[in-house]
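J.: Below are the structure tokens for one structure; questions will follow.
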């Protein structure tokens, strides 16, 4: 299991979140054929950015970062009764709940760039 650092979100309610920013970096380890990623999720509330999720290094390929983002986001944000299925994408959850979301992923060439 990866070392996942989730920042205490100071009792943030989902309804107060105006914008969610998801930023991920992927690295392909050619020697073993594995893909890893790092991830951060920031929320914008009243013009202030608060980092609520930080995943420094975890195995996963494709859009797996988006499902990890959803799992970790739901641990630190009061979801106010909103439900989601295991394996759901945070970006999709935000769109479905009328929360502006910006998601970006960058493929990097070196592990240390994660």
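J.: For residue 38, state whether it is in contact (Cβ under 8 Å) with a residue 12 or more places away in the chain, in contact with a helix residue (DSSP H, G or I) (Cβ under 6 Å, 6 or more places away or on another chain) and not in a loop (DSSP other than H, G, I, E, B).
T.: no
J.: Another question, if that's okay. Working carefully through the options 43, 105, 55, find the one that is on the phi < 0 side of the Ramachandran plot, touching a helix residue (DSSP H, G or I) at 6+ places or on another chain (Cβ under 8 Å), in a strand (DSSP E or B) and crowded, with 17+ Cβ neighbours inside 10 Å.
T.: Matching residue, one of 43, 105, 55: 55.
Residues checked against (1) under 23 Å from residue 109 (Cα atoms); (2) loosely packed, with under 15 Cβ neighbours inside 10 Å; (3) in contact (Cβ under 8 Å) with a residue 24 or more places away in the chain:
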{"site": "32", "(1), (2), (3)": "yes, yes, no"}
{"site": "60", "(1), (2), (3)": "yes, no, yes"}
{"site": "63", "(1), (2), (3)": "yes, no, yes"}
{"site": "70", "(1), (2), (3)": "no, no, no"}
{"site": "74", "(1), (2), (3)": "no, no, no"}
{"site": "81", "(1), (2), (3)": "no, yes, no"}
{"site": "84", "(1), (2), (3)": "no, no, no"}
{"site": "89", "(1), (2), (3)": "no, no, yes"}
{"site": "95", "(1), (2), (3)": "no, yes, no"}
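Just so you know, all these numbers are worked out from the coordinates, no wet-lab data involved. Only a predicted model underlies this, so the values are computations on that prediction, with no experimental measurement involved. Here the Cβ is made from the backbone with ideal geometry for all residues, glycine too, and neighbour counts use every protein chain on show.
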